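Here is the structure we will look at.
Coordinate-derived values only; no laboratory data. What you are looking at is a predicted structure, and each value in this text was computed from that prediction instead of being measured.
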Amino acid sequence: MPDQQPAQPVYNNKRFKVSDYNFEMFIGPRAGDQVKDYTLTDLKTGEDVKLTDFNGKWVVIETGSSTCSMYTKNIPDMKEIVDEFPDVEFVIVYVREAHPGERMGPHQNMEEKLSAAKLVAPRYGEHRRVLVDNLDGDFHRAYGAMPNVVYILRPDGTIHYRCNWAAPSLIRAALKDRGNYHTLENADTLTLRASRKKMHMIRTMWTGGFIALYDFFKGAPLTLAKHYKIDTYYNKHGRFINDPSDKPSAQELAEIINEAEDRAQREGKGQTSPQPGE
């Protein structure tokens, strides 16, 4: 019998599971690398847009969805940054639903995905140009696959800055210093907590429904531990585990896990840390 190829993971998840997100790896081009070109759909015009169409401009690309409050809570703060840097183009790439549920489930076709993307302006006040990834998430998979990543592109088509979570303060800092590539790729828990908006999170989860809220709170302790684990690893190594040869030893990994679990127990009781999609 011919060897069977392993099944590809489902991209448009029916429900949120922490295990579907790889906190320890940040795939995609890094600061200084050339942009990998992908074709997206302009929500307003329906026309195809390639990443290389932005050559000659400074561009900030943030990913998000109608059920991702890590994205939706950024919208007012990003409006200030848009006004501060009028020479920069800011776009949103709409990806899979971070927290699907019975009110808004996983996208079954592009029509559903486009309809979901049309909610971000009236519901959350989105002011930026919205581009939509394809149904299989080809752009999203190639550029990190986390719910709310950010990339800043230089006019020469190289990556100026990228981060696993779009933190407005870090985006502003990277835009103020355009002469140097910015290589800090992890927005740690303290940075994310600085812009946390709990009631906004609940409102965004309700876009998905009761199931989205249930799955979020059920996964909160594990997500908190994962945040602390990657913070510990990144603070020690200064990077993600993109290269298999850079993986920590079993002893180092055990120490990182123990430290993260201890920190989660000390700080996490009775608290909810920012989650994927919060």
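Can you give the extra length, in nm with one decimal, that the chain gains between ARG193 and ASN55 once fully stretched, where that is 0.36 nm per residue apart less the Cα-Cα distance? Spell out each step's value before the answer.
Working: separation 138, 0.36 × 138 = 49.68 nm, distance 3.40 nm.
Result: 46.3 nm gained on full extension.
Quick one: what are the phi-derived ³J(HN,Hα) couplings along region 147-152, Karplus 6.51/-1.76/1.60 with θ = phi - 60°, whole Hz, x for glycine and proline?
Per residue, the Karplus-derived 3J(HN,Hα) values read x, 9, 7, 9, 10, 10 Hz.
VAL130's amide H: which non-local residues (gap 5+, or another chain) put their own amide H closer than 5 Å, with H modeled 1.01 Å from N in plane and none for Pro or chain starts?
LEU43, LYS44, ILE92
Explain nothing, just the number: relative contact order of region 1-141, from Cα pairs under 8 Å at least 6 residues apart, as a whole percent.
Numbers: 182 pairs, mean separation 43.8, N = 141.
Once divided by the residue count of region 1-141, the mean separation gives 31 percent.
List the pairs from LYS50/LYS198; LYS17/LYS198; LYS73/LYS176; LYS73/LYS226; LYS14/LYS57 whose alpha-carbon separation is above 28 Å, in the order I gave them.
Details: LYS50/LYS198 35 Å; LYS17/LYS198 20 Å; LYS73/LYS176 22 Å; LYS73/LYS226 21 Å; LYS14/LYS57 37 Å.
Beyond 28 Å between Cα atoms: LYS50/LYS198; LYS14/LYS57.
Please work out how much length the chain gains when fully extended from THR45 to ASN109, using 0.36 nm per residue of separation minus the C-alpha to C-alpha distance, in nm with one decimal. Provide the component values of the computation, followed by the final result.
Values: separation 64, 0.36 × 64 = 23.04 nm, distance 1.83 nm.
Fully extending the segment from THR45 to ASN109 adds 21.2 nm.
Over region 46-86, how many percent of alpha carbon pairs lie in each 5 Å bin up to the one with the longest distance?
Bins of 5 Å from zero give 5, 16, 21, 21, 22, 15, 1 percent of pairs.
With the Cα gyration tensor of region 125-186 in hand, convert its eigenvalues to equivalent ellipsoid semi-axes via √(5λ) and list them largest first in whole Å. Intermediate results must be reported in sequence, preceding the final value.
Numbers: eigenvalues 88, 38, 31 Å².
Working through the eigenvalues yields semi-axes of 21, 14, 12 Å.
Shape verdict for region 18-193, please, from the Cα gyration tensor: rounded (a/c under 1.5), prolate (a/b greater than b/c) or oblate. Walk me through the numbers on the way to the answer.
Working: a/c = 1.40, a/b = 1.29, b/c = 1.09.
Rounded shape, in that the Cα axes give a/c under 1.5.
Using the Karplus curve 6.51 cos²θ - 1.76 cosθ + 1.60 with θ = phi - 60°, what ³J(HN,Hα) values do you get for each residue of region 92-99, in whole Hz, with x for Gly and Pro?
Rounded to whole hertz, the list is 10, 10, 7, 10, 5, 5, 5, 9.
Return the sequence-ordered ³J(HN,Hα) values of region 109-119 in whole Hz as given by the Karplus equation 6.51 cos²θ - 1.76 cosθ + 1.60 applied to θ = phi - 60°, using x for Gly and Pro.
Ordered by residue, 3J(HN,Hα) equals 7, 5, 4, 5, 5, 5, 5, 5, 5, 5, 7 Hz.
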